[in-house]
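Written below as structure tokens is the structure these notes are about.
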Amino acid sequence: MMNQAVGEPGVLLSFEGIDGSGKSTQARLLADRLEAAGYETLLVREPGGTALSEHVRALLLENTDPSLEIDPVAEVLLFSAARAQLVAERIRPALAEGQVVIADRFFDSTTVYQAAGRELSVEWVRALNMQATRGLAPARTYFIDLPLEEAQARRAAHAADRMETSGTAFFERVRQAYLALTQEEERICQIDGAQPLEAIHETIWADVQSFLPTAPRASSAPSP
Ligand code: ADP
Ligand code: TYD
């Protein structure tokens, strides 16, 4: 797989995990910490982040009209369309400017939710992922792992979207696929999502610091 770092001055990081595992919380904490340390940072969530991608998000997630069916192949193409636009319109330009881009979900979500969850061909979905991003892959991916029951309990406060009505067997396939993918892909770092959020954040921060170049703003700032 082509590494995004080749030819791009910026760095792409992604967060993955089942719904309610704590991704958005950690993505935000990391973005804030990076900004404070002097990095230009772009935080995006998938699906979404551009006008087109937000329209697609509404179709995929807010669809509560039972007469509007979404076939699994149509579903994977819609998630991919939303990502293609986000990569072209926002992520590539930000990387070209040297920004740290944090994606709250990226193509691993498609591999586990659509290939494993919806039981589509994993080879086909992976090929589609590469087409949608034109070969762009995250340098590092933080997979926040949490058992289904705990994730469900955490998200009990908000109404379920269309994907979240897919049932327990679906989400068990999704979680198992994340665990399997972690064994395959060196860039994926698995984190126990049952820990307090500050502990998770410190683990991620230590890892990010181990490979991120020095912040441009911090290094160019005049010494006091
Ligand atoms: P996701 O983006 O994976 O769906 P969120 O970050 O939105 O998950 O978190 C889901 C809920 O769980 C939120 O109410 C959040 O405040 C809470 N939460 C997040 N991280 C933790 C944690 N480590 N421990 C306990 N609760 C958490
Ligand atoms: P969202 O509310 O943004 O995430 P979360 O519930 O984790 O906070 O919902 C996005 C939903 O879309 C989530 O159920 C995962 C699903 N999804 C896919 O099925 N495939 C994909 O490629 C992406 C990006 C998301």
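The values are calculated or read from the model by the stated rules, or taken from the named source; none is laboratory data. All values derive from a computational prediction rather than experimental measurement. Using ideal geometry, Cβ is built from the backbone for each residue, glycine included, and neighbour counts are taken over all protein chains shown.
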Would you point out the residue of the range 159-196, among those that are closer than 22 Å to Val125 by Cβ and of a type in the set (A, V, I, L, M), that is nearest to the chain's Cα centre (by Cα)? Ile188
Hey, among Glu62, Glu8, which residue is over 15 Å from the mean Cα position of the chain (by Cα), surrounded by fewer than 15 Cβ atoms within 10 Å (Cβ to Cβ) and modelled with pLDDT under 95? Glu62
Search the range 127-149 for residues being surrounded by 15 or more Cβ atoms within 10 Å (Cβ to Cβ) and among the charged types (D, E, K, R), and hand back the single one that is nearest to ligand 1 (Cβ to nearest atom). Asp145
Output the residue which, of all residues in the range 22-81 that are among the polar types (S, T, N, Q) and within 16 Å of ligand 1 (Cβ to nearest atom), is nearest to Gln114 (Cα to Cα). Ser24
Take the conditions part of a strand (DSSP E or B), under 16 Å from the mean Cα position of the chain (by Cα) and either among the hydrophobic types (A, V, I, L, M, F, W, C) or within 30 Å of Glu97 (Cα to Cα) (or both) and apply them to Ile144. Does it pass? yes
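Looking at Thr165, is it β-branched (Val, Ile, Thr), within 16 Å of ligand 1 (Cβ to nearest atom) and at pLDDT below 95?
In short, yes.
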Mind counting the residues in the range 49-69 that are within 20 Å of Thr165 (Cα to Cα) and within 11 Å of ligand 2 (Cβ to nearest atom)? 5
